[in-house]
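What follows draws every value from the coordinates through simple rules; no lab data is involved. Model, not experiment: these values are computed from the prediction.
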Amino acid sequence: MNWEQFLTPIPISLGVLGSLMMSATQTNDFTINDHKPVGGFQYMRDPTSFRQSLMQIGHESYKAFLVAHGNMNKVRLSTLTVPSYMNEATRILATGNFTVIQSRLHRPLRVVTTAIRDSLNWSLKVAIQFEYLSNLTDEVHLAAVSSKSAKEGTKLSVVEQQSHKKLTSDSVQQHLNQIEKQLKDDLKKSDRAHEDLLQAWLSKPTAFERLGMDIGQFFLNDVLGENYKFIQI
C-alpha cells in the first residue's frame, strides 16, 4: 500500500487548520444567520457568531484527525496478525482432511472475521466524523454567503432610500424656492399697488380745494353767465 499518497495531504490540512484558527481569533465577529434555511441550522451551534463557527470548525477538524489517528492505529494493530492467520487457514485447507478442516479452520477464520469487522467499524467512525466536518463547513460557508448577500441587499436598499430622500429633499427645496420667489413677486406687486394708491390719495383735492373749485365754478357759470361762454368762444 502506498502510504505516501495518504500522508501527503496531512501537512496541507494542518496548515489550513492553523490558518483557520488564526482567522477565528483575528477577524471581526458578525452574525451569519440573516437567511436561515428551512428547518434551521443542523450543524452550527452558534450561528450568531462567525468567529464561534470558525472555532467550531477548527475543533471538529482536530477531533476528526484525532479519531482518524486512533482508529487507523487500531486497524493497523488489528490487521497485523491477519496474514499469519490466513496462512494457517491455507495450511489447514491444504491438508484435504475434512475432519481437520472442520475442527480447526473456524479458529483462524474467526480471528480474521473479527479483525475485518472491527476495522470496518473503526473506519466508519472516521468517515462519519469527517462527513460531519464536511457538512459543518458547507453549512458555515453557505450561511456566510447568504448572509453577505442579505447584507448587500440591505445596504443597496438603504442607498436607494437615501437617494430617494435626497431627491425628495431636492424637490421640496425647489418647490420652497419657487414659493419664496412667488411671495417676493407678490410682495413687490403689493408694494407697487400700495404706492400707486398712496400717490392717488395724496393727489386727490382736499376739502378746501374742492370748496374753492366749487366757488370758482359757481362764479363762472352763474355770475358771468353768457359772458363766460362768449369768452370761451
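Of the cross-linked pairs Lys74/Lys125; Lys36/Lys125; Lys63/Lys148, which ones have a Cα-Cα span greater than 22 Å in the structure shown?
Details: Lys74/Lys125 12 Å; Lys36/Lys125 29 Å; Lys63/Lys148 29 Å.
Cα-Cα > 22 Å for Lys36/Lys125; Lys63/Lys148; rest within.
Report the Cα centroid-to-centroid distance between segment 38-62 and segment 65-97 in angstrom, as an integer.
Between the Cα centres of segment 38-62 and segment 65-97 lies a distance of 40 Å.
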